[in-house]
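Beneath this line is the structure, given in C-alpha cells, with notes to follow.
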C-alpha cells in the first residue's frame with residue numbers, strides 16, 4: 001500500500017473550499033490529469049454519490065463517496081483492475097482562511113504491486129502539484 005498525505009492553506013473560507021472541492025466535477029479546473037467526470041447519482045452530492053471518472057493513463061472508474069460531512073470532510077473509494085484508491089479530505093479553519101488536508105491510500109493489485117516505489121514517487125509529485133493548483137485556482141480573483 002502507498003499512503004500519500006498532503007496539505008495546503010487556502011485564503012478562502014472553509015465552506016467555500018469544501019463545496020468546491022467535494023464536487024468531483026470541479027477537478028478538471030485544477031487537475032490537468034482529469035479527462036472526464038460525470039455524476040451518476042444526481043444532485044445533491046452526498047454520501048453514496050457516484051461518479052464515473054477518468055484520469056490520464058487510467059481506465060474509467062466509479063468513484064463512490066463513503067463519507068460526506070459538510071462543511072469539513074469527505075471520503076471516497078475507487079476500484080479498478082489495477083488498484084483501489086481510498087481518498088479522504090478535511091477542511092479546517094485557519095488564520096488565512098482554510099487548511100486542506102488530503103490522504104490517499106493506493107492499494108495496487110497483481111503486477112502493479114511491483115511498481116509501488118515508482119508509484120509513490122510519481123503520485124507524490126502529482127499530489128504536490130495538485131495542492132498548488134487548488135490553492136492558485138481557489139485564490140484567483142476570477143474564482144470569487
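The values are calculated or read from the model by the stated rules, or taken from the named source; none is laboratory data. This is a predicted model, so every value here is computed, not measured. Backbone-built Cβ (ideal geometry, glycine too); neighbour counts: all protein chains shown.
What about residue 86, is it at pLDDT 90 or above, surrounded by fewer than 15 Cβ atoms within 10 Å (Cβ to Cβ) and under 16 Å from the mean Cα position of the chain (by Cα)? No: the conditions fail for residue 86.
Across segment 108-121, the qualifying residues are those that are surrounded by 13 or more Cβ atoms within 10 Å (Cβ to Cβ) and under 24 Å from residue 134 (Cβ atoms), and the one among them that is modelled with the highest pLDDT is 120. Within the span defined as segment 33-51, one or more residues are surrounded by fewer than 16 Cβ atoms within 10 Å (Cβ to Cβ), touching a residue at least 40 places away in the same chain (Cβ under 8 Å) and either closer than 19 Å to residue 5 by Cα or under 17 Å from the mean Cα position of the chain (by Cα) (or both).
Scanning segment 55-74 for residues that are under 15 Å from the mean Cα position of the chain (by Cα) and within 23 Å of residue 19 (Cβ to Cβ) yields 55, 62, 63, 64, 65, 66, 67, 68, 72, 73, 74.
Being more than 15 Å from residue 22 (Cβ to Cβ) and in contact with a strand residue (DSSP E or B) (Cβ under 7 Å, 6 or more places away or on another chain): is that true of residue 100 here?
Working: more than 15 Å from residue 22 (Cβ to Cβ): no; in contact with a strand residue (DSSP E or B) (Cβ under 7 Å, 6 or more places away or on another chain): yes.
Considered against the rule, which asks whether it is more than 15 Å from residue 22 (Cβ to Cβ) and in contact with a strand residue (DSSP E or B) (Cβ under 7 Å, 6 or more places away or on another chain), residue 100 comes out as no.
Within segment 49-106, the residues that satisfy the criterion of being more than 22 Å from residue 33 (Cβ to Cβ) and not in a strand (DSSP E or B) are 70, 71, 72, 95, 96.
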